[in-house]
Amino acid sequence: MKKGTKLILNAGFIMALLTSCNPQTKKDLTVSGLDPQNFVTEDGSTSLYTIKNTNGMEVCITNFGGRIVSVMVPNKNGILVDVVHGFDSISDYISKPSDFGAAIGRYANRINKGIIVIDGDTIQLPTNNFGHCLHGGPQGWQYQIYEGKQLNDTTLTMTMHSPDGDQKFPGAVTATVTYTLTNDNALDICYDATTDKKTVINMTNHSYFNLSGNPAKSITDHILYVNADNYTPVDSTYMTTGEIATVKNTPMDFTTPKPIGQDINNFDFIQLKNGNGYDHNWVLNTNGDIKQLAAKLTSPESGISLEVYTNEPGIQVYSGNFLDGTLSGKKGIVYNQRTAICLETQHYPDTPNKPSWPTAFLEPGQTYHSECIFKFTVEK
């Protein structure tokens, strides 16, 4: 009797082991439905990190490009919904080039013809967008692996060790991105960097927001406010012309909140034609004061609002004009045109070549610091 019992127990133990290895066993998923195992590469260099607050809000981030993968916030009915575009696995992020959720570096936005001049030396950066260097070049930091460190349930750091000559940029740079989720439903993102040689740096987060919670739905009904009386016009290659122009009496005026779609297809206005919609930098009125509201986005459907605060002089508003249905994201949902909007706090595009604009040069001994707060509220 005892012998038989022992055999049964052993058999049960073996079955338990087999069950634990069975891929059909229930997995520990994030609140947003992500499987962390799908974000681990074969060499173990990438992971999925999760931060939460006391309200149940959850943000998932991968160290591949320092990307925000999901942001779960409550809608007007108290239901948690995901409000950013992204993919379900690291393999999709690698095989489907995008900027979804990325910590962009070294230089967010465009540098004219990929040329910068530092102390009389002309440096040719790689070009990857209409003859310009966009978002740090074809292998910018969004396609590199950050060193991730979970400090606690609410705070995560991502560190990039960028060698001298990375994408032809001078100087060995160490940059840290710190993500902190506060109990008032704000995601506070701080960027800090140092260099051993004079260089340029301009970091931002490139999350694609759809506050409706339905990533298949257009964001043209979202209400947008931008605290800016001026913007920087672009030419047909999306490069800033050097002009700072007033938004008054133009479709670029969001000083009074209005639906994104109200004027977006007014291609008689050359700037909307050049940008294929909104893809421009606004000159913020906030003068670097992070306590002043820089922008606000609201979904009438979900009631979710996103307030943006920053110490940066500008914000790039990109209305997802080049999403074209060729990418399927989380849960297999197709990302069509204008199903998301980006609110990228940063220095103005091509600042290194426009001396009168806020400088993006960083010297040895100096510390670059940029901060962006995405605060979520509910309009009932």
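The values are calculated or read from the model by the stated rules, or taken from the named source; none is laboratory data. Predicted model only: the values in this text are computed from it and were never measured. Neighbour counts are summed over all protein chains in view; Cβ atoms, including those assigned to glycine, are modelled from backbone coordinates with ideal geometry. Side chains included, ligands, DNA and RNA excluded: accessible areas come from the protein's heavy atoms. Shrake-Rupley method; radii C 1.70, N 1.55, O 1.52, S 1.80 Å.
Can you tell me, using C-alpha contacts under 8 Å and at least 6 residues apart, the relative contact order of the range 106-263 as a whole percent? Mind showing how you got there, number by number?
Values: 267 pairs, mean separation 24.8, N = 158.
After rounding, I find 16 percent.
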Q | Solvent-accessible heavy-atom area per residue, rounded to whole Å², over the chain at 1.4 Å | A | 42
Q: Pick out which of GLU42, GLU301, GLU58 has the largest mean-square fluctuation in a Gaussian network model of the chain, springs linking Cα atoms closer than 10 Å.
A: GLU42
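How would ASP279, ASP263 rank on accessible area, largest to smallest, probe 1.4 Å?
On the way: ASP279 15, ASP263 40 Å².
Order by accessible area, largest first: ASP263, ASP279.
Rounded to the nearest angstrom and ordered from largest down, what semi-axes does the equivalent ellipsoid of the range 98-177 get from its C-alpha gyration tensor (root of 5λ)?
On the way: eigenvalues 137, 44, 15 Å².
Each semi-axis is √(5λ); the values are 26, 15, 9 Å.
Using 0.36 nm per residue of separation minus the Cα-Cα distance, give me the extension gain between CYS190 and GLU371 in nm, one decimal. Before the final figure, lay out each step's value.
Values: separation 181, 0.36 × 181 = 65.16 nm, distance 0.45 nm.
Result: 64.7 nm gained on full extension.
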**Q.** In sequence order, calculated HN-Hα J values of the range 160-165 (Karplus, 6.51, -1.76, 1.60; Hz; x Gly/Pro)
**A.** 10, 9, 9, x, 4, x
(Q) If DNA, RNA and ligands are ignored and the probe is 1.4 Å, what is the ranking of PHE130, PHE209, PHE269 by accessible area, most exposed first? (A) PHE130, PHE269, PHE209
(Q) Can you tell me the orientation of helix 2-21 relative to the chain, as the angle in degrees between its alpha-carbon axis and the longest Cα principal axis, to the nearest 10? (A) 10
Q | ASP184 accessible area, assembled protein chains, probe 1.4 Å, Å² | A | 80
Q: Just report the Cα centroid separation between the range 116-158 and the range 293-333, whole Å.
A: 21
Q | Å³ per residue enclosed by the Cα convex hull of the chain | A | 157
Q: With an 8 Å cut-off on Cα pairs and a minimum separation of 6 or more residues, tell me the relative contact order of the chain in percent.
A: 16
**Q.** Relative contact order (%) - criterion: Cα under 8 Å, at least six apart; region: the range 54-192
**A.** 19
Q | Cα→Cβ-extended label distance, 7 Å offset, between ASN152 and ASN55, nm | A | 1.9
Q. For SER45 and GLN262 in the same chain, what is the full-extension length gain: residue separation times 0.36 nm, less their Cα-Cα distance, in nm?
A. 73.7 nm
Q: Using a Förster distance of 51 angstrom, determine the FRET efficiency expected from the C-beta separation of ASP35 and ASN249, and round it to 0.05.
A: 0.50
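Nothing charged except the Cβ atoms of Lys and Arg (+1) and of Asp and Glu (-1): what's the magnitude of the dipole of the chain about its Cα centre? Round to the nearest 20 debye.
Values: 28 positive and 37 negative charges, 264 e Å.
It comes to approximately 1260 debye.
Taking R0 as 30 Å, what FRET efficiency do you get between VAL334 and HIS161 from their Cβ-Cβ distance, rounded to the nearest 0.05? Intermediate values should be presented prior to the final figure.
Details: r = 37 Å, r/R0 = 1.22.
E between VAL334 and HIS161, to the nearest 0.05, is 0.25.
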